[in-house]
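**Student:** Below is a structure I'd like to ask you about.
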Amino acid sequence: MTTIRSVRVIALNTVRELLRNKLLYNLLFFAVLLIASSIFIAQLTIGEWDRIILDVGLAAAELSGVLIAVLIGVSVVAGEIERKTIFPTLAKPLSRAAFIGGRYAGLSAMLLVNVAVMTLSVAVVLRMAGYSLSRIAAAAALLIFIELLVMAAAAIFFSSFTTPILASAFSLALFLIGHLVGSLRVFADKTKSSAARAVTLAAYRVLPDLDLFNLKAQAANALSVPAGVAWSATVYGLAYAALFLLLAIGIFSRRDLK
(Lines give C-alpha, C1' and ligand atoms only; values in the text may rest on other atoms or scores of the structure.)
Protein backbone atom coordinates (compact mmCIF):
# COMPACT_ATOMS: atom_id res chain seq x y z
CA MET A 1 0.00 0.00 0.00
CA THR A 2 1.51 3.31 -1.06
CA THR A 3 2.00 6.09 1.48
CA ILE A 4 -0.53 8.42 -0.18
CA ARG A 5 -3.15 5.69 -0.33
CA SER A 6 -2.45 4.77 3.28
CA VAL A 7 -2.90 8.39 4.38
CA ARG A 8 -6.17 8.60 2.44
CA VAL A 9 -7.51 5.38 4.00
CA ILE A 10 -6.58 6.45 7.53
CA ALA A 11 -8.06 9.92 6.92
CA LEU A 12 -11.38 8.45 5.76
CA ASN A 13 -11.49 6.09 8.74
CA THR A 14 -10.76 9.03 11.03
CA VAL A 15 -13.63 11.04 9.55
CA ARG A 16 -15.98 8.08 10.05
CA GLU A 17 -14.89 7.72 13.66
CA LEU A 18 -15.30 11.42 14.35
CA LEU A 19 -18.79 11.42 12.82
CA ARG A 20 -19.75 9.01 15.61
CA ASN A 21 -18.08 11.12 18.30
CA LYS A 22 -20.66 12.69 20.64
CA LEU A 23 -18.16 15.28 21.91
CA LEU A 24 -17.88 16.74 18.40
CA TYR A 25 -21.64 17.24 18.13
CA ASN A 26 -21.94 18.61 21.66
CA LEU A 27 -19.27 21.26 21.03
CA LEU A 28 -20.77 22.09 17.65
CA PHE A 29 -24.27 22.43 19.11
CA PHE A 30 -23.00 24.62 21.94
CA ALA A 31 -21.19 26.95 19.53
CA VAL A 32 -24.17 27.25 17.17
CA LEU A 33 -26.47 27.93 20.14
CA LEU A 34 -24.11 30.63 21.38
CA ILE A 35 -23.97 32.23 17.94
CA ALA A 36 -27.76 32.15 17.64
CA SER A 37 -28.11 33.78 21.06
CA SER A 38 -25.87 36.65 19.98
CA ILE A 39 -28.78 38.36 18.23
CA PHE A 40 -30.66 38.49 21.53
CA ILE A 41 -27.56 39.78 23.32
CA ALA A 42 -27.22 42.48 20.66
CA GLN A 43 -30.77 43.68 21.36
CA LEU A 44 -29.73 44.50 24.92
CA THR A 45 -27.00 46.86 23.76
CA ILE A 46 -26.92 50.31 22.27
CA GLY A 47 -25.12 50.54 18.96
CA GLU A 48 -24.57 48.39 15.91
CA TRP A 49 -25.71 44.82 16.34
CA ASP A 50 -23.24 43.39 13.83
CA ARG A 51 -20.35 44.17 16.19
CA ILE A 52 -21.85 42.05 18.99
CA ILE A 53 -22.84 39.23 16.63
CA LEU A 54 -19.35 39.07 15.11
CA ASP A 55 -17.64 39.31 18.51
CA VAL A 56 -19.69 36.45 19.94
CA GLY A 57 -19.84 34.41 16.74
CA LEU A 58 -16.15 34.42 15.88
CA ALA A 59 -15.18 33.82 19.52
CA ALA A 60 -17.54 30.84 19.68
CA ALA A 61 -16.10 29.46 16.43
CA GLU A 62 -12.55 29.75 17.77
CA LEU A 63 -13.32 28.31 21.22
CA SER A 64 -15.28 25.31 19.94
CA GLY A 65 -12.69 24.70 17.24
CA VAL A 66 -9.77 24.75 19.66
CA LEU A 67 -11.53 22.30 21.98
CA ILE A 68 -12.25 19.99 19.05
CA ALA A 69 -8.69 20.29 17.73
CA VAL A 70 -7.15 19.58 21.13
CA LEU A 71 -9.48 17.06 22.76
CA ILE A 72 -10.20 15.05 19.64
CA GLY A 73 -6.69 15.58 18.28
CA VAL A 74 -5.30 13.99 21.42
CA SER A 75 -7.78 11.11 21.34
CA VAL A 76 -6.94 10.04 17.76
CA VAL A 77 -3.35 9.25 18.76
CA ALA A 78 -2.68 9.17 22.50
CA GLY A 79 -6.21 7.95 23.21
CA GLU A 80 -5.77 5.03 20.84
CA ILE A 81 -2.42 4.17 22.41
CA GLU A 82 -3.93 4.21 25.89
CA ARG A 83 -6.90 2.05 24.80
CA LYS A 84 -4.48 -0.16 22.81
CA THR A 85 -6.77 0.05 19.77
CA ILE A 86 -3.83 1.29 17.72
CA PHE A 87 -2.09 -2.08 17.54
CA PRO A 88 -4.42 -3.75 14.98
CA THR A 89 -3.96 -0.70 12.74
CA LEU A 90 -0.16 -0.67 12.98
CA ALA A 91 -0.07 -4.44 12.44
CA LYS A 92 -1.09 -3.79 8.83
CA PRO A 93 1.45 -2.81 6.15
CA LEU A 94 1.24 0.81 7.23
CA SER A 95 4.01 3.21 8.25
CA ARG A 96 3.66 5.25 11.39
CA ALA A 97 4.22 8.39 9.35
CA ALA A 98 1.18 7.50 7.22
CA PHE A 99 -0.83 6.87 10.39
CA ILE A 100 0.01 10.31 11.80
CA GLY A 101 -0.56 12.00 8.44
CA GLY A 102 -3.89 10.27 7.95
CA ARG A 103 -5.11 11.08 11.41
CA TYR A 104 -4.20 14.72 10.93
CA ALA A 105 -5.81 14.88 7.48
CA GLY A 106 -9.07 13.43 8.80
CA LEU A 107 -9.12 15.78 11.78
CA SER A 108 -8.35 18.76 9.53
CA ALA A 109 -11.31 17.87 7.30
CA MET A 110 -13.62 17.89 10.31
CA LEU A 111 -12.18 21.20 11.49
CA LEU A 112 -12.86 22.67 8.06
CA VAL A 113 -16.49 21.53 8.29
CA ASN A 114 -16.71 22.97 11.81
CA VAL A 115 -15.44 26.41 10.74
CA ALA A 116 -17.70 26.37 7.69
CA VAL A 117 -20.76 25.61 9.84
CA MET A 118 -19.77 28.33 12.33
CA THR A 119 -19.21 30.90 9.57
CA LEU A 120 -22.52 30.02 7.94
CA SER A 121 -24.27 30.36 11.31
CA VAL A 122 -22.74 33.81 11.83
CA ALA A 123 -23.77 34.84 8.31
CA VAL A 124 -27.37 33.68 8.92
CA VAL A 125 -27.62 35.57 12.22
CA LEU A 126 -26.14 38.69 10.59
CA ARG A 127 -28.71 38.43 7.79
CA MET A 128 -31.51 38.13 10.34
CA ALA A 129 -30.26 41.37 11.92
CA GLY A 130 -30.06 43.11 8.54
CA TYR A 131 -26.31 42.84 7.96
CA SER A 132 -24.04 40.77 5.75
CA LEU A 133 -20.78 38.94 6.29
CA SER A 134 -17.90 41.26 5.33
CA ARG A 135 -14.69 40.25 3.59
CA ILE A 136 -12.75 40.98 6.78
CA ALA A 137 -15.05 38.64 8.74
CA ALA A 138 -14.50 35.95 6.10
CA ALA A 139 -10.73 36.48 6.41
CA ALA A 140 -11.05 36.21 10.20
CA ALA A 141 -12.85 32.87 9.77
CA LEU A 142 -10.09 31.65 7.44
CA LEU A 143 -7.39 32.51 9.97
CA ILE A 144 -9.36 30.78 12.72
CA PHE A 145 -9.20 27.64 10.58
CA ILE A 146 -5.44 28.06 10.10
CA GLU A 147 -5.04 28.48 13.86
CA LEU A 148 -6.99 25.26 14.39
CA LEU A 149 -4.68 23.45 11.98
CA VAL A 150 -1.73 24.56 14.12
CA MET A 151 -3.48 23.47 17.32
CA ALA A 152 -4.43 20.09 15.86
CA ALA A 153 -0.84 19.48 14.76
CA ALA A 154 0.40 20.53 18.21
CA ALA A 155 -2.08 18.18 19.90
CA ILE A 156 -0.89 15.27 17.75
CA PHE A 157 2.74 16.24 18.46
CA PHE A 158 2.21 16.14 22.23
CA SER A 159 0.22 12.91 21.84
CA SER A 160 3.18 11.27 20.15
CA PHE A 161 5.16 11.04 23.39
CA THR A 162 2.87 11.52 26.39
CA THR A 163 -0.50 10.59 27.91
CA PRO A 164 -3.87 12.02 26.79
CA ILE A 165 -4.25 14.18 29.90
CA LEU A 166 -0.79 15.69 29.64
CA ALA A 167 -1.09 16.15 25.89
CA SER A 168 -4.37 18.05 26.38
CA ALA A 169 -2.82 20.19 29.13
CA PHE A 170 0.25 21.00 27.02
CA SER A 171 -1.89 21.86 23.98
CA LEU A 172 -4.23 24.16 25.91
CA ALA A 173 -1.21 25.80 27.58
CA LEU A 174 0.29 26.38 24.13
CA PHE A 175 -2.97 28.01 23.02
CA LEU A 176 -2.94 30.40 25.99
CA ILE A 177 0.76 31.21 25.77
CA GLY A 178 0.58 31.50 21.99
CA HIS A 179 -1.77 34.45 22.36
CA LEU A 180 0.66 36.11 24.78
CA VAL A 181 3.87 35.66 22.78
CA GLY A 182 4.08 39.41 22.15
CA SER A 183 4.01 40.01 25.89
CA LEU A 184 6.95 37.64 26.35
CA ARG A 185 9.22 40.03 24.46
CA VAL A 186 8.06 42.94 26.63
CA PHE A 187 8.71 40.87 29.77
CA ALA A 188 12.17 39.88 28.52
CA ASP A 189 13.07 43.53 27.93
CA LYS A 190 11.97 44.52 31.43
CA THR A 191 13.23 41.63 33.55
CA LYS A 192 16.54 42.01 35.38
CA SER A 193 17.20 38.28 35.67
CA SER A 194 19.45 36.99 32.91
CA ALA A 195 18.09 33.44 33.30
CA ALA A 196 14.49 34.60 33.06
CA ARG A 197 15.37 36.77 30.07
CA ALA A 198 17.04 33.85 28.28
CA VAL A 199 14.10 31.50 28.89
CA THR A 200 11.56 34.13 27.88
CA LEU A 201 13.39 35.03 24.67
CA ALA A 202 13.72 31.34 23.79
CA ALA A 203 9.97 30.89 24.24
CA TYR A 204 9.33 34.02 22.21
CA ARG A 205 11.41 32.74 19.29
CA VAL A 206 10.20 29.13 19.34
CA LEU A 207 6.48 29.27 20.16
CA PRO A 208 3.96 30.18 17.45
CA ASP A 209 2.43 33.64 17.74
CA LEU A 210 -1.25 32.69 17.60
CA ASP A 211 -2.30 36.32 17.85
CA LEU A 212 -1.31 36.68 14.20
CA PHE A 213 -4.46 34.71 13.37
CA ASN A 214 -6.70 37.05 15.34
CA LEU A 215 -8.73 39.37 13.11
CA LYS A 216 -11.86 39.25 15.26
CA ALA A 217 -11.52 42.86 16.49
CA GLN A 218 -10.95 44.16 12.97
CA ALA A 219 -13.96 42.24 11.67
CA ALA A 220 -16.26 43.39 14.47
CA ASN A 221 -15.22 47.03 14.16
CA ALA A 222 -14.97 47.08 10.36
CA LEU A 223 -11.31 48.09 10.52
CA SER A 224 -9.08 47.85 7.49
CA VAL A 225 -6.46 45.12 7.32
CA PRO A 226 -3.15 45.69 5.50
CA ALA A 227 -2.86 43.84 2.21
CA GLY A 228 -1.21 40.44 2.48
CA VAL A 229 -1.73 40.03 6.23
CA ALA A 230 -4.11 37.08 5.90
CA TRP A 231 -1.92 35.29 3.37
CA SER A 232 1.31 35.81 5.33
CA ALA A 233 -0.40 34.53 8.48
CA THR A 234 -1.68 31.54 6.51
CA VAL A 235 1.82 30.63 5.31
CA TYR A 236 3.16 31.16 8.85
CA GLY A 237 0.51 28.86 10.32
CA LEU A 238 0.94 26.12 7.73
CA ALA A 239 4.70 26.18 8.34
CA TYR A 240 4.21 25.67 12.08
CA ALA A 241 1.63 22.94 11.49
CA ALA A 242 4.07 21.13 9.18
CA LEU A 243 6.85 21.48 11.77
CA PHE A 244 4.68 20.00 14.53
CA LEU A 245 3.69 17.12 12.25
CA LEU A 246 7.29 16.36 11.27
CA LEU A 247 8.30 16.33 14.93
CA ALA A 248 5.35 14.08 15.77
CA ILE A 249 6.27 11.65 12.98
CA GLY A 250 9.92 11.60 14.07
CA ILE A 251 9.07 10.89 17.71
CA PHE A 252 6.21 8.46 17.05
CA SER A 253 8.25 6.45 14.56
CA ARG A 254 10.85 5.76 17.25
CA ARG A 255 8.45 5.26 20.14
CA ASP A 256 8.31 1.80 21.71
CA LEU A 257 4.60 1.07 22.09
CA LYS A 258 3.60 -1.39 24.79
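The values are calculated or read from the model by the stated rules, or taken from the named source; none is laboratory data. Quantities reported herein were computed from a predicted structural model and do not represent experimental measurements. Every residue, glycine among them, receives a Cβ derived from its backbone with ideal geometry; neighbour counts consider all protein chains shown. Note: accessible area is taken over every heavy atom of the protein model, side chains too, but ligands, DNA and RNA are not part of it. Shrake-Rupley method; radii C 1.70, N 1.55, O 1.52, S 1.80 Å.
**Student:** If Met151, Met110 are ordered by their accessible area, calculated over protein heavy atoms with a 1.4 Å probe, which sequence runs from highest to lowest?
**Tutor:** In descending accessible area the options line up as Met110, Met151.
**Student:** In addition: Would you kindly give the portion of the calculated P(r) for segment 149-219 that falls above 14 Å, as a percent of all Cα pairs?
**Tutor:** Of all Cα-Cα pairs in segment 149-219, 64 percent lie more than 14 Å apart.
**Student:** Counting Lys and Arg as +1 and Asp and Glu as -1, each charge on the Cβ, what is the dipole of segment 42-87 about the Cα centre in debye, to the nearest 20?
**Tutor:** 260
**Student:** Roughly how tilted is helix 3-19, in degrees to the nearest 10 and between 0 and 90, from the longest Cα axis of the chain?
**Tutor:** Rounded to the nearest ten degrees, it is 60.
**Student:** How would Arg197, Arg205 line up by accessible area, probe 1.4 Å, largest first?
**Tutor:** Arg205, Arg197
**Student:** List the lysines whose Cα lies under 18 Å from the Cα of Lys84, skipping any in the same chain that are fewer than 8 positions away.
**Tutor:** Within the straight-line limit of under 18 Å, Lys84 reaches these lysines: Lys92, Lys258.
**Student:** On a 0 to 90° scale, report how tilted helix 22-42 is relative to the longest principal axis of the chain, with both axes built from alpha carbons and the result rounded to the nearest 10.
**Tutor:** Long axis of 22-42 versus the principal axis of the chain: about 10 degrees.
**Student:** Then there's this: Enumerate the amide H contacts of Ser160 below 5 Å, restricted to partners 5 or more residues apart or on another chain; note that Pro and chain-start residues carry no placed amide H.
**Tutor:** Amide H neighbours of Ser160: none.
**Student:** Placing unit charges on C-beta atoms (Lys and Arg positive, Asp and Glu negative, everything else neutral), compute the dipole magnitude of the chain about its Cα centre in debye, rounded to 20.
**Tutor:** 840
**Student:** Sorting check: for 209-217, 233-241, which peptide has the highest mean count of neighbouring beta carbons within 10 Å, and how do the rest follow?
**Tutor:** Packing order, densest peptide first, comes out as 209-217, 233-241.
**Student:** Right, next: Per residue, what volume in Å³ does the convex hull of the Cα atoms of the chain enclose?
**Tutor:** Cα convex hull per residue, to the nearest whole number: 147 Å³.
**Student:** Run the helix sum for the chain: -39,500 (n - 2.57) per DSSP H stretch of 4+ residues, divided by residue count, reported at 222 nm to the nearest 500 deg cm²/dmol.
**Tutor:** Helices in the chain give a 222 nm mean residue ellipticity of -25000 deg cm²/dmol.
**Student:** Now for a different question. For helix 49-67, what angle does its Cα long axis make with the longest principal axis of the chain, in degrees from 0 to 90 and rounded to 10?
**Tutor:** Approximately 10 degrees, to the nearest ten.
**Student:** Also, I was wondering about something else. For segment 106-122, in order, what is each residue's ³J(HN,Hα) by Karplus, 6.51 cos²θ - 1.76 cosθ + 1.60 with θ = phi - 60°, in whole Hz (x at glycine and Pro)?
**Tutor:** x, 5, 4, 4, 5, 5, 4, 5, 4, 5, 5, 5, 5, 5, 4, 5, 4
**Student:** Quick check on packing: order 31-38, 3-10, 153-160 by the mean number of other C-beta atoms within 10 Å, highest mean leading.
**Tutor:** Sorting 31-38, 3-10, 153-160 by mean packing, highest first, produces 153-160, 31-38, 3-10.
**Student:** When the expected Rg is taken as 2.2 N^0.38 Å, what fraction or multiple of it is the alpha-carbon Rg of segment 1-113?
**Tutor:** Normalised Cα radius of gyration, segment 1-113: 1.38.
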